[in-house]
1. How do B:184-191, B:345-352 rank on mean C-beta neighbours within 10 Å, highest first?
2. Take A:142, B:155 and sort them by solvent-accessible surface of the protein heavy atoms, 1.4 Å probe, largest at the top.
3. In nm, what is the difference between 0.36 nm times the number of residues separating residue B:35 and residue B:246 and their Cα-Cα distance?
4. So what are the ³J(HN,Hα) numbers for region A:89-98, from phi and the Karplus equation (6.51, -1.76, 1.60; θ = phi - 60°), rounded to whole Hz, Gly and Pro as x?
5. Kindly report, to the nearest 10 Å², the accessible surface of residue B:134 as traced by a 1.4 Å probe over protein heavy atoms only.
6. Search the structure for amide H atoms under 5 Å from the amide H of residue B:154, placed 1.01 Å from N in the peptide plane, and list their residues when 5 or more places away or on another chain.
7. Measure nothing fancy, just the Cα-based angle from helix A:2-35's long axis to the longest principal axis of chain A, in degrees from 0 to 90, nearest 10.
8. Quick one: what are the phi-derived ³J(HN,Hα) couplings along region B:190-195, Karplus 6.51/-1.76/1.60 with θ = phi - 60°, whole Hz, x for glycine and proline?
Amino acid sequence: MAGGLLLMAAALLLTGYNLWDERRATASADTVLLEMPAEIRAAEPAAPAPEPEDPDEIEIPDYILNPNMDMPTVEVDGHAYIGVVKIPVLGLKLPVMSEWSYPNLKTAPCRYTGSAYLGNLILAAHNYRTHFGGLKELVPGDEVTFTDAVGNVFRYTVAELETLGKTDVEEMQAGDWSLTLFTCTYGGKSRVTVRCVLAESGAAY
Amino acid sequence: MKTRNWRGRLRVCLTCLLLICALLPGTALARGLIDLDEPTSLTIKYPCAGATFRIYRVADVSETGVYTLTGDFEDYPVSLRLSSQSAWRRLAETLAIYVDLDGLRPLDSGKTNSRGRLTFSDLEAGLYLVTGREFIEDGYVYTPEPFLVALPGLDADDDWTPDVTAKPKYDKEPEEPEVETVKRKALKIWEDDDPDARPAKITVQLLRDGKVWDTVTLSRKNNWSYTWEELDANFTWQVIESDVPDDYTVTVSREGVTFVITNTQMTDIPEPPTPGGPSEPPIDIPSEPPIDIPPEPPVDIPDEPTPWSPATPDTPQPSTPDVPSPTLPQTGVLWWPVPLLACGGVGLFLLGWLRRRSEDNDDA
């Protein structure tokens with residue numbers, strides 16, 4: 001009986017820790033969002049400025065002139081962020097760190113690899129309910145937007161969902177997907193992977 | 001005797017009354033008392049049609065012409081006991097600032113008609129502040145000064161009159177033509193194989209009609225980009241890199257408002273000799289016989305192992321079986337042990353409980 005009680009206590013303690021950790025992660029991401037510049041946090045394209053008649057006076061975004069450029073970052077609390085990802089159907093708006101690490105993942109989703117400018121951005125996040133825990137609920141056609149650190153907004157549409165193994169590194173980067181989001185399954189052995197393509201409206205700036 | 005005494009007293013009283021009257025200001029006697037129940041009006045005469053004015057009631061007035069701050073103005077730290085015209089003007093300017101600062105609602109507002117007239121009527125007796133907005137007409141900017149007006153006012157005969165006409169003072173300046181401005185941007189692009197060999201920063205100059213107008217530094221910190229806003233469009237603006245790093249060449253191209261400065265790393269390939277060059281005497285080099293170089297045998301170079309956390313999109317993927325397989329980041333919260341622990345715990349508890357019950361039954 002004592003062993004049984006011990007196991008139940010362990011289950012309770014682990015549940016408590018997980019719930020506390022999730023609340024902490026939610027608060028961390030919210031704090032980062034608040035400290036980001038408003039034009040990034042808004043994650044909405046600003047009203048387009050009237051196009052000048054003189055072609056010499058048109059402003060072309062840097063990433064179009066130089067798609068190979070590093071994604072600009074904005075620094076918050078000593079961490080570099082490349083922008084904000086928004087998944088309206090899940091009610092999510094989260095900052096995205098430039099480089100992934102386990103400590104970074106405890107705060108916000110991270111860039112696993114790639115660039116929005118090259119159309120191969122892959123984002124990873126913990127399966128906290130307020131991070132990427134709801135990815136499995138997405139269906140093809142759902143909208144995902146990404147706003148970079150200088151306010152360029154990229155609109156994507158969910159194309160398909162797949163489940164990859166934890167060693168499927170090549171498969172994760174395979175295919176011609178403009179944006180990929182992934183997180184662990186409940187058991188932690190596989191990865192829920194959401195593949196997105198650039199929406200028809202595409203990049204707005 | 002009684003009659004004589006009465007006359008004497010009357011004479012003394014009349015003398016005292018005359019003395020008191022002499023001490024009083026003569027105007028007060030001339031103006032009389034203000035009829036506080038009589039509605040008043042203010043007519044503004046202005047040189048522009050369509051100019052907007054707002055009127056605010058600042059103070060109550062007593063029958064004897066004493067003003068007391070009222071309404072929204074009641075608590076402002078200003079004095080109405082002023083002696084000079086300039087002091088009243090300064091007070092009007094001060095109150096106008098308070099009005100803007102606190103967003104006070106005017107009692108009324110209106111625009112001048114085609115003859116430049118605007119009348120506020122049915123106004124209660126008191127002291128009023130009138131403010132006007134900047135107005136542009138015929139290439140001139142008219143800026144009226146705020147002013148205070150007492151209603152009722154005094155006419156030419158120094159009598160109170162309910163209908164007052166005011167001609168606000170104003171500034172008239174020629175409208176400045178809007179200067180057309182342009183934006184110019186510098187963007188650095190590196191074309192090289194080794195990003196670590198790049199300088200930490202470069203310097204670019206903005207030229208106005210060919211002369212240096214501004215110098216800025218581009219670095220990773222500003223994402224190798226800089227924007228100049230609101231430059232006078234009457235000039236020609238260009239951007240140039242001032243100190244090109246060693247081993248790099250530079251080209252500048254313009255794309256819209258952006259000057260793209262491309263630094264290309266120079267390779268070590270020697271340039272082919274220029275035939276017939278003045279400094280090189282013609283040398284008759286016998287042509288070498290063709291040598292058959294067998295093609296190199298294909299070498300099977302195994303892929304280098306990749307760190308299991310790729311940071312760039314073009315990181316090669318691992319395929320060596322000797323190294324541990326790279327894995328994707330572990331992004332799961334540790335939920336899976338919870339049901340196992342809970343079920344195991346309940347099972348063990350029930351098992352123990354059943355065993356104890358069975359032992360108790362045996363003992364009984």
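1. Listed from highest to lowest mean packing, they are B:184-191, B:345-352.
2. B:155, A:142
3. Computed gain between residue B:35 and residue B:246 is 66.9 nm.
4. 5, 9, x, 9, 9, 9, x, 10, 6, 5
5. The accessible area comes out at roughly 130 Å².
6. Placed amide hydrogens put B:161 under 5 Å from residue B:154.
7. Here the helix axis deviates by roughly 20 degrees.
8. 9, 10, 7, 9, 10, x
The values are calculated or read from the model by the stated rules, or taken from the named source; none is laboratory data. Owing to the predicted nature of the structure, the values given are computational and were not obtained by experimental measurement. Ideal geometry is used to build each Cβ from the backbone, glycine not excepted, and the neighbour counts take in all protein chains shown. When the accessible area is computed, the model is the full protein with side chains, heavy atoms only, and any ligands, DNA or RNA have been set aside. Shrake-Rupley method; radii C 1.70, N 1.55, O 1.52, S 1.80 Å.
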